[in-house]
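Inspection log for the structure reproduced underneath, given as structure tokens.
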Number of protein chains: 2
Amino acid sequence: MLARTLPDEDWTARQGEVLEAALGLLVEEGATLTTAGVARAASCSKETLYKWFGDRDGLLTAIVRWQAAKVKLPRIDRERLDAASLREGITSFARNLLGVLSSDTSVALNRLAISHGGTGLGAIVLENGRREMGRRLKPVLEAGRDAKLLRFDASETAFRTYFGLVVRDVQIRLLLGEDCRFGGAEIAADAERATDQFFALYGADEMQALPAEQNA
Amino acid sequence: MLARTLPDEDWTARQGEVLEAALGLLVEEGATLTTAGVARAASCSKETLYKWFGDRDGLLTAIVRWQAAKVKLPRIDRERLDAASLREGITSFARNLLGVLSSDTSVALNRLAISHGGTGLGAIVLENGRREMGRRLKPVLEAGRDAKLLRFDASETAFRTYFGLVVRDVQIRLLLGEDCRFGGAEIAADAERATDQFFALYGADEMQALPAEQNA
DNA sequence: GCCGAACCGTACGGTACGGTACGGTCGCGG
DNA sequence: CCGCGACCGTACCGTACCGTACGGTTCGGC
């Protein structure tokens, strides 16, 4: 397997510290992030910033990549797959997704990428966010299909439906500034609900036992 | 019926022209919109802009409200409700929603509101976008429930599920700059798929005839 | 025809920020 | 001890843009 399509850039420890400080500042200051502010927060000089990252855009790109490289959730293994483990794998994926999307860091990074038009930042976030999520879950879904536990034609379509059932309007509401921050309990309940609905739509016949209308 | 909860600010014809020009400029220039640019595009002076809207923020707010006041989709009437008309009402709502969300104007306005942190712009977009959509569809859903065609406890939850099934990851992908622009055919197909899935989840028993796994 | 209000076009001050240059400091190899 | 490279802090420059001021023009009322 290829390590990554992206050239997994390796920063030095000091550069990592700077990027970490920049990320923290981005979370609390939003898109009004300034190079002077980063230099101050990271106790480094602007000249060094420009020497390392070349450009303000380069710095922002590095921040996004830095965060993207950090979230390396363990892939779910497809061995030992029965109905219960499949369901738990899918549900835990949803919990994870909701937890990430509702984090301050994710909101700040998505805000940055969105406000930054089309300079590639959005593509990076898309590739390491939404796309990577699909890459994580699809093998599980396909294993479930192989085990006759799920029925679907295209795993991409099935994943997008699950994504919609899980996320619904949460991400856009967070991005638009509504503080519908919810804790672990609500996340777990939402993940359960979405999984119930997903199995009602894509489960093999014997899996569709649970009624779908148990709304939170 | 109350006209609107918002004080339906009435601009003069000339002010409407200016706002229209500003909206067009916002679509093609994005968040880098400048007052001088608006003045140039609208053939008016910056002084007039500040006289009318007070502030750059006031101008942006006026643009958002202006667009919000324009999209006055006809509410669906709940009379003469059988299975076919309910389904058509819901599906046409989904078509409408997808059409609006994928429009350049919607993308630009959402980008603006998102990049603009928490200065109320996001709240306005939320109120006139996502919230208004709920206000439109919920009566239809409740009428369907009264007619024993749908089953759910909270119409809000049912609506949010439908929202997720319709929109999925489309909006965030558009906001992040991916050009997954699709035409009327794809929109119609997506609306049909989402409606099938919605009836599979929330339809009364005799409505769940259609299989759910007909993926695009 | 005259006045005033509204508005257009433009020019200007203030400021914030991206990007650069320069002096000073630390650590290391010779 | 010397030189050197990396880096910090800061001062600085150019530019872009917000917000305002001013002269000129149009238009309705009298």
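Worth a mention:
- Evaluating B:Cys180 against the criteria (1) within 14 Å of the chain's Cα centre (by Cα); (2) more than 7 Å from chain A (Cβ to nearest Cβ); (3) open to solvent by less than 40 Å² (accessible area, probe 1.4 Å) leaves one unmet condition, (1).
- Total residues in the stretch A:18-50 satisfying the condition of being more than 9 Å from DNA strand C (Cβ to nearest atom), open to solvent by 80 Å² or more (accessible area, probe 1.4 Å) and more than 24 Å from A:Gly122 (Cα to Cα): the figure is 2.
- Matching residues, the stretch A:51-70, being more than 19 Å from A:Thr105 (Cα to Cα), within 8 Å of DNA strand C (Cβ to nearest atom) and touching a residue at least 12 places away in the same chain (Cβ under 8 Å): A:Arg56
- Going through (1) over 19 Å from B:Ala194 (Cβ atoms); (2) modelled with pLDDT of 95 or more one by one, A:Leu137 falls short only on (2).
- Test: residue in the stretch B:122-133 that is over 26 Å from A:Ala31 (Cβ atoms), surrounded by fewer than 17 Cβ atoms within 10 Å (Cβ to Cβ) and either within 8 Å of chain A (Cβ to nearest Cβ) or touching a helix residue (DSSP H, G or I) at 6+ places or on another chain (Cβ under 6 Å) (or both): no
- Among the residues of the stretch A:134-160, the ones that are under 20 Å from A:Val100 (Cα atoms) and within 13 Å of chain B (Cβ to nearest Cβ) come to 4 in all.
- Residues in the stretch A:31-47 that are assigned to a helix (DSSP H, G or I) and either in contact (Cβ under 8 Å) with a residue 40 or more places away in the chain or polar (S, T, N, Q) (or both) were compared, and the one that is farthest from DNA strand D (Cβ to nearest atom) is A:Ala31.
- Among the candidates B:Gly164, B:Gly118, the residue that is at the interface with another protein chain (Cβ under 10 Å from one of its Cβ atoms) and either out of contact with any Gly (no Cβ under 8 Å at 6 or more places or on another chain) or open to solvent by less than 40 Å² (accessible area, probe 1.4 Å) (or both) is uniquely B:Gly164.
- Only residues that are among the polar types (S, T, N, Q), under 25 Å from A:Glu28 (Cα atoms), touching a residue at least 24 places away in the same chain (Cβ under 8 Å) and open to solvent by 20 Å² or more (accessible area, probe 1.4 Å) were counted across the stretch A:77-106, and they come to 1.
- Sole exception among (1) over 18 Å from the mean Cα position of the chain (by Cα); (2) at positive phi for A:Arg168, by number: (1)
- The set of residues in the stretch A:183-197 that are crowded, with 24+ Cβ neighbours inside 10 Å and not polar (S, T, N, Q) contains only A:Ala194.
- Single match in B:Thr32, B:Thr91 (criterion: hydroxyl-bearing (Ser, Thr, Tyr) and under 30 Å from A:Leu109 (Cβ atoms)): B:Thr32
- Test: residue in the stretch B:143-151 that is among the aliphatic types (A, V, I, L, M), over 20 Å from the mean Cα position of the chain (by Cα) and open to solvent by 30 Å² or more (accessible area, probe 1.4 Å): yes
The values are calculated or read from the model by the stated rules, or taken from the named source; none is laboratory data. Computed from a predicted model, the values in this text were never measured in an experiment. Note that each Cβ is placed from the backbone with ideal geometry, even for glycine, and that neighbours are counted across all protein chains shown. Please note that ligands, DNA and RNA were not included when accessible areas were found on the heavy atoms of the full protein model with its side chains. Shrake-Rupley method; radii C 1.70, N 1.55, O 1.52, S 1.80 Å.
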